[in-house]
Amino acid sequence: MPFSGDDSRCPICGEKNNCASVQGREIEKCWCMQKVFTSDLFKQIPLESRGKACVCVKCVGRQKKEGED
């Protein structure tokens, strides 16, 4: 999915990402600070979207743990 220009949407699935920073809150209070992101998850983000929008909690939950088949 190419970057839509909407940083409140997940670059993988397009759902709301609920990013604290986008919502004007402190990033330290964001849900993502308590999660682990695998390198495989980052590989799913289209190149043109990397660093522009956060992944949503659903996509983080669907990722496989490092080393899992």
Checklist entry - Given Cα pairs under 8 Å that are at least 6 residues apart, what percent is the relative contact order of the chain? => result 41
Next on the checklist: Accessible area of the chain with a 1.4 Å probe: how many percent of it is carbon plus sulfur?
Outcome noted: 51
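Please work out the average accessible area per residue across the stretch 2-66, using the 1.4 Å probe convention, and give it in Å².
I get 67 Å² per residue for the stretch 2-66.
As an exercise, use a Förster radius of 35 Å and the Cβ-Cβ distance of Phe37 and Asp6 to find the FRET efficiency, rounded to the nearest 0.05. Don't skip to the end; give the middle numbers.
Details: r = 21 Å, r/R0 = 0.59.
According to the calculation, E is roughly 0.95.
List nothing, just return the count: lysine pairs in the chain, 8 or more apart or interchain, with Cα separation under 15 Å.
8
The values are calculated or read from the model by the stated rules, or taken from the named source; none is laboratory data. Not measured: the values here are computed from a predicted model. Here the Cβ is made from the backbone with ideal geometry for all residues, glycine too, and neighbour counts use every protein chain on show. Surface accessibility is based on the protein's heavy atoms, side chains included, excluding ligands, DNA and RNA. Shrake-Rupley method; radii C 1.70, N 1.55, O 1.52, S 1.80 Å.
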